[in-house]
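Chemist: My questions will all concern the structure given below.
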There are 4 protein chains.
Amino acid sequence: MHTLNIRVYYEDTDAGGVVYYANYLKFAERARTEWLRELGFEQDILLEQNIAFVVKHVEMHNNAPARFNQMLSITSHIVELKGASMTFKQDIINALGKVLVTVQAKIACVDLVAMRPRRIPEAMLGEFSRVI
Amino acid sequence: MHTLNIRVYYEDTDAGGVVYYANYLKFAERARTEWLRELGFEQDILLEQNIAFVVKHVEMHNNAPARFNQMLSITSHIVELKGASMTFKQDIINALGKVLVTVQAKIACVDLVAMRPRRIPEAMLGEFSRVI
Amino acid sequence: MHTLNIRVYYEDTDAGGVVYYANYLKFAERARTEWLRELGFEQDILLEQNIAFVVKHVEMHNNAPARFNQMLSITSHIVELKGASMTFKQDIINALGKVLVTVQAKIACVDLVAMRPRRIPEAMLGEFSRVI
Amino acid sequence: MHTLNIRVYYEDTDAGGVVYYANYLKFAERARTEWLRELGFEQDILLEQNIAFVVKHVEMHNNAPARFNQMLSITSHIVELKGASMTFKQDIINALGKVLVTVQAKIACVDLVAMRPRRIPEAMLGEFSRVI
């Protein structure tokens, strides 16, 4: 499990006064990226090896809106780990502990040269299975 | 059924060379907005009446990436129409007719003063049931 | 001179109820891209030849805000054309003809392999000097 | 003077492999917001009092691109402080201390009810003149 705190800036909101719905997916990706980094994996180095992670499927449920200037916590869990994909469940939580938005994202590992799915590098699989 | 054509600009892409995943949700919303407009409903006028549409639940599946400078078509269908919500199924399609991404979005009508669900205005329900 | 019409969507606005200031630069770039396209130049093909255009300097002045759901016109002029750069002056105008925002952008042509400035392709220079 | 560190995520980049030019203005605004917060001013509370800050004029110069996954520092100075506006000079700096991008932004204080310029609250003017 991993937690990232994120501040809501003007750029994240819309004229409805709340966070624009697509932007929750940005928050979710920042959290996944920071978790990978904590486990020792930098995505720019993976890119140089032509390894990328692609979001194949995402499901998002909005219980309540996040608002301008709020501090949010994004908690991330891995709920499924396979050889070439993994599925994260992520909660976007306000300062009172209320879950505003949930995101479930299935990420596939791809080879950018062949442009097709590939096995997640063994070192990553090892780390993920340790923290799952 | 409604179709909107959208060009992929630099702003929509990321360092992976493809459309950033959250941005497909922007395309989907532009298409829903233009369909509403064609049916005679302008969301700025609805906002003045404290009526807004909120995306409660969204599911997105990526079959293949859209790329910089491509022209895409977004087709939209209403797959469920209820008194206070409606569900759209939308396909993001490239120039060869391949479905790259599918989005299913459940939209709820909300009263912005009471901040709670409300019935979709009758005139809209009438139009939607006509085009469903 | 070139004109592009752009609709303001939720994604473009912020909690202040107006277009988020950085997003005017997106509108300006869409307009420059469409002008290039009209002149016969597609930036994805240029990218394959390792030719890109980089915004080196930009100046933006906000006279008045654009709002959700407005239809805007972006007019573009080339005010300076040099061998390796060109400067656009662009106005973002509302439906009443009022200039809301002005953007002046100096664009440099770069070779993406050498990562350094290069001469604008002759065919482009020819077209630009024709429309300046 | 104030410094904010910002990580470059996929959302910030474009198909050119670098930070999309408009997004530097997002980074600059996050830095200004965090500085205000450190000085004790929260913009959501100001909004409730119908006080907002609007970017009237911005000038940005790109010396070199920022790239995916880099950690950047944004330094901010106030270079002019007037009764109803202030001008920030901000540098976006990479880990080696190189200034990649400079932003100069003139911010005006506005009354959101009257929709016109107003004097910056005295408490803010006091704090700003202390740190200038």
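The values are calculated or read from the model by the stated rules, or taken from the named source; none is laboratory data. Please read these numbers as outputs of a predicted model, since none were measured by experiment. Cβ sites come from the backbone with ideal geometry, for glycine too, and all protein chains shown count toward neighbours. Calculation scope for accessible area: heavy atoms of the full protein, side chains included, ligands and nucleic acids excluded. Shrake-Rupley method; radii C 1.70, N 1.55, O 1.52, S 1.80 Å.
Chemist: Does residue B:88 satisfy being hydrophobic (A, V, I, L, M, F, W, C), more than 22 Å from residue A:67 (Cβ to Cβ) and modelled with pLDDT under 95?
Modeler: no
Chemist: To continue, here is another question. Applying the selection to the range C:105-128, what residues are in a loop (DSSP other than H, G, I, E, B) and of a type in the set (D, E, K, R)?
Modeler: Once the filter is applied, which keeps residues that are in a loop (DSSP other than H, G, I, E, B) and of a type in the set (D, E, K, R), the range C:105-128 yields C:118, C:119.
Chemist: Moving on. Going through the range C:105-122 one residue at a time, which ones are open to solvent by less than 80 Å² (accessible area, probe 1.4 Å) and free of Cβ contacts under 8 Å to residues at least 12 places away in the same chain?
Modeler: Selection gives C:114 alone.
Chemist: Sort out which residues of the range C:53-73 are under 20 Å from residue C:4 (Cβ atoms), surrounded by 16 or more Cβ atoms within 10 Å (Cβ to Cβ) and among the hydrophobic types (A, V, I, L, M, F, W, C), and write them in order of number.
Modeler: If the condition is that a residue be under 20 Å from residue C:4 (Cβ atoms), surrounded by 16 or more Cβ atoms within 10 Å (Cβ to Cβ) and among the hydrophobic types (A, V, I, L, M, F, W, C), then C:53, C:55, C:58, C:60, C:66, C:68, C:72 are the ones that fit.
Chemist: How many residues are small (Gly, Ala, Ser), under 20 Å from residue C:12 (Cβ atoms) and without any contact (Cβ under 8 Å) to a residue 60 or more places away in the chain if we restrict to the range D:13-38?
Modeler: 1
Chemist: Restricted to the range B:74-86, and to residues that are surrounded by 17 or more Cβ atoms within 10 Å (Cβ to Cβ) and away from chain C (no Cβ under 14 Å), which residue is nearest to residue C:37 (Cα to Cα)?
Modeler: Result: B:76.
Chemist: Restricting the first residue to the range B:49-70 and requiring it to be touching a residue at least 40 places away in the same chain (Cβ under 8 Å) and part of a loop (DSSP other than H, G, I, E, B), which pairs with a second residue that is charged (D, E, K, R) and open to solvent by 20 Å² or more (accessible area, probe 1.4 Å) meet a Cβ separation below 7 Å and a spacing of at least six or different chains?
Modeler: B:50/B:111; B:68/C:44; B:69/C:42; B:69/C:44
Chemist: Additional query: If you go through the range A:5-52, how many residues are within 12 Å of chain C (Cβ to nearest Cβ), open to solvent by 10 Å² or more (accessible area, probe 1.4 Å), of a type in the set (Asp, Glu) and under 17 Å from the mean Cα position of the chain (by Cα)?
Modeler: Matching residues across the range A:5-52 total 0.
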